[in-house]
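Below: the structure, in structure tokens.
The values are calculated or read from the model by the stated rules, or taken from the named source; none is laboratory data. None of the values given here were measured: they were computed from a predicted structure. Note that we place each Cβ from the backbone using ideal geometry, even for glycine, and neighbour counts take in every protein chain shown. These accessible areas exclude ligands, DNA and RNA; they are computed on the full protein's heavy atoms, side chains included. Shrake-Rupley method; radii C 1.70, N 1.55, O 1.52, S 1.80 Å.
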Amino acid sequence: NGTATVVATSAGATASATISVQLQNGPATCTLQPVFASHLLDPSMIKVITQIGVVGGGNTEIVGRSYVFPIDGIDGVRIPLTAPAALNVVAAKHYLPPGAPTSGYVPDWSLLLDAGCGIQLELFHVKDVAASVKAVADTTISNSSAWQPLSRSVPFAAGETFGWYMRGLNSVAFDVIVHDRNLVNQFTNQARYVTGRSNLLDVVCPWTLFAPAIRGSYLGAIGSQSGFRVAGAGCGSVNRDVA
């Protein structure tokens with residue numbers, strides 16, 4: 001939302017124009033919400049999935065991501081990541097996370113995937129991406145995981161492979177975050193999230209968006225970062241505030 005001035009220069013001539021953009025809510029412009037009718041990855045390759053809202057490594061922050069831990073004993077095996085619905089990869093970044101080993105560590109990719117109607121997926125620690133994404137992405141290895149818009153979006157059909165994860169040196173899980181831009185999560189101290197943690201305002205459980213036929217295979221894998229599944233644990237919630 002807001003206004004921006006666009007400036008163009010050619011052959012010594014310069015012109016500008018001011019444009020105004022007002023975003024519409026998803027329900028006002030969408031007639032059909034996307035359904036995740038295909039797998040993101042083969043459930044048989046999953047050891048455990050963590051809940052959203054769990055405290056991060058610093059034990060101080062609420063997180064919107066869900067970590068996916070592959071099964072043991074498959075270091076170096078490329079696990080295909082496939083589009084759960086027809087979507088577009090719209091942003092990416094090739095990066096080395098802080099503290100990564102200087103040798104032996106495969107650089108990561110972060111991705112932003114747009115499924116339409118306000119549903120977007122963020123993935124971090126992806127190890128490789130499809131050639132069609134690399135063709136329009138900056139493949140330079142950065143020290144930041146903050147994805148950058150691609151020069152053009154790259155479409156993928158449901159079930160089509162857009163990337164790969166691979167366990168290896170200091171790499172044991174990848175992150176999945178899903179945003180529903182049509183909603184605003186409610187917190188006990190709402191102002192704290194509006195002003196400083198707005199990334200949590202529209203985070204939803206990734207796994208409940210999948211069609212019933214495959215949803216259970218992901219929800220049944222939810223457990224702790226220590227690798228143990230917890231029956232009936234549920235997907236968690238980003239609202240961990242106490243009045």
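Label separation (Val194 vs Glu160): 4.1 nm, computed from points 7 Å beyond Cα along the C-beta direction.
When only the Cβ of Lys, Arg, Asp and Glu is charged (+1, +1, -1, -1), the dipole of the chain relative to its Cα centre reaches about 120 debye. Take the solvent-accessible surface of the protein heavy atoms, probe 1.4 Å, and return the percent of it on the chain that carbon and sulfur atoms account for. Accessible surface attributable to carbon and sulfur in the chain totals 54 percent. Which shape class, rounded, prolate or oblate, goes with the stretch 45-115 when its Cα gyration tensor gives a ≥ b ≥ c as root eigenvalues, a/c under 1.5 marks rounded, and past that a/b bigger than b/c marks prolate? Rounded. The helix-based estimate of mean residue ellipticity at 222 nm for the chain, built from -39,500 (n - 2.57) per DSSP H run of four or more residues and divided by its residue count, is -2000 deg cm²/dmol to the nearest 500. Placing R0 at 30 angstrom, the Cβ-Cβ distance between Ile19 and Leu183 gives a FRET efficiency of 0.65 after rounding to 0.05. Only one residue of Asn199, Ala233, Thr139 has its Cα farthest out toward the positive end of the dipole of the chain, where Lys and Arg carry +1 and Asp and Glu -1 on Cβ, and that residue is Ala233. The three principal axes of the C-alpha atoms in the chain carry coordinate ranges of 63, 46, 36 Å, sorted with the longest axis first.
Treating each Cα of the stretch 190-231 as one equal point scatterer and applying the Debye formula with no solvent, the log10 of I(q)/I(0) at q = 0.32 Å⁻¹ comes out as -1.01. Between Gly159, Gly99, Gly232, the residue with the greatest mean-square fluctuation in the GNM of the chain (Cα pairs under 10 Å linked by springs) is Gly99.
Protein heavy-atom accessible surface, 1.4 Å probe, per residue over the chain: 51 Å².
Here's the list of lysines a cross-link from Lys47 could span, going by alpha-carbon distance under 25 Å and ignoring same-chain residues fewer than 8 apart: Lys127.
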